[in-house]
Each structure stands twice: as C-alpha cells, then as structure tokens.
Amino acid sequence: MDFKEVKELIRIFDKSELSKLKLKEGEFELAMQKGFEGGTVVTQAPTAVAAPAPVAVPAPASTANNTVTCSTEDPSVCGDTINAPMVGTYYSSPSPEAPAFVKEGDTVKKGQTLCILEAMKIMNEVEAEFDCKILKVLVENSAPVEYDMPLFLVEKI
C-alpha cells in the first residue's frame, strides 16, 4: 500500500460513520480510530520488538535536476542531491540502536534504502533511484524535513 492509497483511505474513513478501522496487508498494519481531540488518529500497530519497524512503503527519492553548484568557499558541497519525496521526520536508521542505513563515503545501489521518512505515523523507506556514492548527509537524525529538501549530496556512479 503506497502513501497515496493510505491518504485516500484516511479521507474515506474520516467521512464515514465508522469509529474504528484495522487493516492488515502482509506485514503492513494500519489502525484508525475516531473520537480524539485531533479527529482521526493513525497508528502503526505495535510489533513484538520495542523499536519501531519500518513499514515497507518505498517512497521514490526525488532527484530530477537536483544539482548543487560548486562554490569556491566550500568545494565539498557540489554535485547531485537526493531530495525528500514528502514532508516528514528523517530517520537515518530503522531503530535508535541500529546502525544508519548509509553514511558518508558509502556506495549505494539503485533500490537500496537510504533513510526513513515518518509521515502521519507511517514509516516510508526512501530508496536510491540510481547507483551513487554518498558524499554528505545533509540532515540530522530525527529532524523535520520539507518536500524536495536535499537529504544527501551524492556522486552518480
């Protein structure tokens, strides 16, 4: 189930007369309940592990024409960028005690998970759309990110 489908499901649920909804599709689980101050609440069902597990909802990384021009002041900030495909909270690893998906200097393959963006309590994996080398991680762990905000400075391979 992709992000657009989840958004549509929330919209339909919000307009319906249902007060609770639970959905399970493979390892993806979604529970919604009405009746709180904020209206509809979306949560990821708890897993056996105390650390949050990412939901397998790959979000394509936005990379079209994302190039940082080289400056004479800081030559380390030039090249292509991988940008946030949505608004959310950036997580560099699947859980607080786990190692980061990627770090500066790593070479990644197309389809490899780079980070997780949490949006509406849904964990969305951001995957590389091409083979590249991570030159610089531009976002701190647990930081909020905006749509199309640069996350990684990369060199295409």
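What follows draws every value from the coordinates through simple rules; no lab data is involved. All of these numbers come straight from a predicted model, not from anything done at the bench. Note that each Cβ is placed from the backbone with ideal geometry, even for glycine, and that neighbours are counted across all protein chains shown.
Tabulated results
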{"quantity": "Cut-off 16 Å, label 7 Å out along Cα→Cβ of K136, residues of segment 91-110 by amide N", "calculated": "103-106"}
{"quantity": "Gained length - E97 relative to E29, 0.36 nm times residue gap less alpha-carbon distance", "calculated": "22.2 nm"}
